[in-house]
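For reference, the structure discussed in these notes is given below.
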Amino acid sequence: MNIEDKSSYPSQEHSISCESFDTFIVDYIDDNLQDNQKRIFIHHLNECPACRVYLKNYEYRIQLSKSIFANDTDKADIPNQLVDAILAAKKQTD
Amino acid sequence: MDLSKRINTDLSEDELIVQLKKGNVDSFEFIVREYGGYLLIIAKRYLTSEADAQDAVQDTYLHVFSAIVTFEGRSSLKSWLHRIVINISLMKIRSNKRRLVELIDDNASFFDANGKRIETETEITLSLEKLMADDSQREYIKTQITQLPQMAKNLLLLKDIEGYSTKEIAELLDISLPSVKTGLHRARLLLKKKIEHQLR
Ligand SMILES: [Zn+2]
């Protein structure tokens with residue numbers, strides 16, 4: 001298909017429902033969509049304000065989940081009793 | 001212990017791995033002290049009981065002790081340990097025979113008969129920085145994540161927090177790639193339902 005030829009799309013074959021849009025989201029965010037799938041996805045995004053906001057909020061919450069756990073390993077202490085248990089267990093296998 | 005013999009942090013990772021492969025006891029103790037706390041926090045994300053998490057960390061090190069000879073250094077030691085502790089934690093969940101919870105699949109309620117989205121959301125305007133600065137908000141959301149049904153929680157942790165690819169997750173959880181993708185999507189929507197009101 002000639003990409004420049006705008007008249008060839010958007011056409012019926014490029015239209016998907018919001019429900020189908022949903023099934024593409026995981027791969028879209030991971031940039032795992034094939035070119036034609038991506039085109040269909042973006043086309044729906046441009047046409048549908050509801051999915052636009054939906055996607056924006058969806059991505060916001062992913063970022064949020066990441067941020068929430070981002071620093072929780074900073075103060076990482078191992079109890080001495082666990083160190084001793086591990087070293088003792090290792091000795092047994094020696 | 002003779003402190004002069006202690007492995008110190010100046011040792012390069014390559015040298016450390018050489019020592020570990022030789023079976024050097026001090027280097028083993030070093031990685032227990034250096035990474036043990038970190039691994040314990042990771043294990044606790046998956047296993048709710050402290051005792052189970054400690055067991056997972058201990059099993060991780062015993063595994064590392066025998067598997068270090070096969071370590072090729074394609075990733076850092078820390079991310080290798082990270083993956084092992086997750087594997088072992090997930091195995092514990094399975095061996096506990098805890099049922100993998102079915103995730104909500106009544107997607108139908110979100111769409112009309114033509115597959116059109118029923119509800120139009122408003123955009124979240126609360127800034128992430130502001131939200132992260134609020135301790136009680138942060139704790140609340142964290143609790144909502146850790147209290148999700150086991151499968152939903154695992155998928156969210158592995159993907160959105162630990163950053164594994166959907167392919168890697170399929171291997172780790174021993175489920176199909178399409179199941180990972182649909183499960184992950186549903187897990188995210190489940191979390192949405194739980195925290196939505198907090199984000200307004
Ligand atoms: Zn839509």
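In the context of the full set of protein chains, the range B:100-199 has a per residue accessible area of 51 Å² (1.4 Å probe).
Interface between chains A and B: roughly 4600 Å² of accessible area buried, both sides summed (probe 1.4 Å, protein heavy atoms only). Anything over 28 Å Cα to Cα? Flag those among B:Lys167/B:Lys193; A:Lys38/B:Lys159; A:Lys56/B:Lys92; B:Lys116/B:Lys167, in the order listed. In this structure, A:Lys56/B:Lys92; B:Lys116/B:Lys167 lie more than 28 Å apart at Cα. Could you tell me which of A:Thr73, A:Thr23, A:Phe41 has its Cα farthest along the dipole of chain A towards the positive end, charges placed at Cβ (Lys, Arg +1; Asp, Glu -1), taken about the Cα centre? So the residue furthest toward the plus end is A:Thr73.
Its Cα gyration tensor gives chain A an equivalent ellipsoid; the semi-axes, largest first and in whole Å, are 50, 17, 10. Of the trypsin sites (Lys or Arg not before Pro) in the range A:58-94, the ones in a loop by DSSP (not H, G, I, E or B) with at most 16 other beta carbons within 10 Å are A:Lys75.
Net length available on complete extension from A:Ile42 to A:Ser20 is 6.7 nm, with 0.36 nm assigned per residue and the Cα-Cα distance removed. Split chain B at each of the GluC sites (Glu not before Pro) in a DSSP loop with at most 11 other beta carbon atoms within 10 Å, and the longest piece is B:124-200. In chain B, the portion of solvent-accessible area held by carbon and sulfur atoms comes to 49 percent [1.4 Å probe, whole percent, DNA, RNA and ligands not counted].
Extending 7 Å from the Cα toward the beta-carbon at both A:Lys75 and B:Lys21 defines two label points whose distance is 3.9 nm.
Per residue of A:66-77, other chain Cβ atoms within 10 Å of the residue Cβ number 6 on average. Compared with the dominant Cα axis of chain B, that is its longest principal axis, helix B:25-46 is turned about 10°. Inter-chain Cβ neighbour count for B:33-43, averaged per residue, equals 5 (cutoff 10 Å, partner chain atoms only).
Approximating the spin labels as points 7 Å out from Cα along Cα→Cβ, the B:Met91-to-B:Leu62 distance works out to 1.0 nm. Computed from the alpha carbon positions, the gyration tensor of the range B:3-95 leads to an equivalent ellipsoid with semi-axes of 24, 14, 11 Å, biggest first. Taken per residue, the accessible surface of the range B:3-95 reaches 48 Å², heavy atoms only and a 1.4 Å probe.
Solvent exposure of chain A, expressed per residue, is 58 Å² of accessible area, with all protein chains present and a 1.4 angstrom probe. Judged by the gyration tensor of its Cα atoms, with axes a ≥ b ≥ c, the range A:31-77 is oblate; a/c meets the 1.5 cut and b/c is at least as large as a/b.
Projecting the Cα atoms of B:Ala133, B:Ser89, B:Ser75 onto the charge dipole of chain B (Cβ charges, centred on the Cα centre) puts B:Ser89 farthest toward the positive pole. Here the simple spin-label model places points 7 Å from the Cα toward Cβ, and for B:Val69 and A:Lys66 these points are separated by 4.0 nm. Once the range B:100-199 is represented by equal point scatterers at the alpha-carbon sites, with solvent omitted, what log10 I(q)/I(0) does the Debye formula produce at q = 0.10, 0.16, 0.24 Å⁻¹? Per q value, in the given order, log10 I(q)/I(0) is -0.33, -0.82, -1.25. The value given for the protein assembly as shown is a Kirkwood hydrodynamic radius of 21.8 Å, derived from the mean inverse Cα-Cα separation.
The long axis of helix B:177-195 is offset from the longest Cα principal axis of chain B by roughly 70 degrees. For the range B:100-199, a simple Cβ point-charge model (Lys and Arg +1, Asp and Glu -1, everything else neutral) yields a dipole of about 80 debye relative to the Cα centre.
The values are calculated or read from the model by the stated rules, or taken from the named source; none is laboratory data. Source: prediction; values computed, not measured. Here the Cβ is made from the backbone with ideal geometry for all residues, glycine too, and neighbour counts use every protein chain on show. Calculation scope for accessible area: heavy atoms of the full protein, side chains included, ligands and nucleic acids excluded. Shrake-Rupley method; radii C 1.70, N 1.55, O 1.52, S 1.80 Å.
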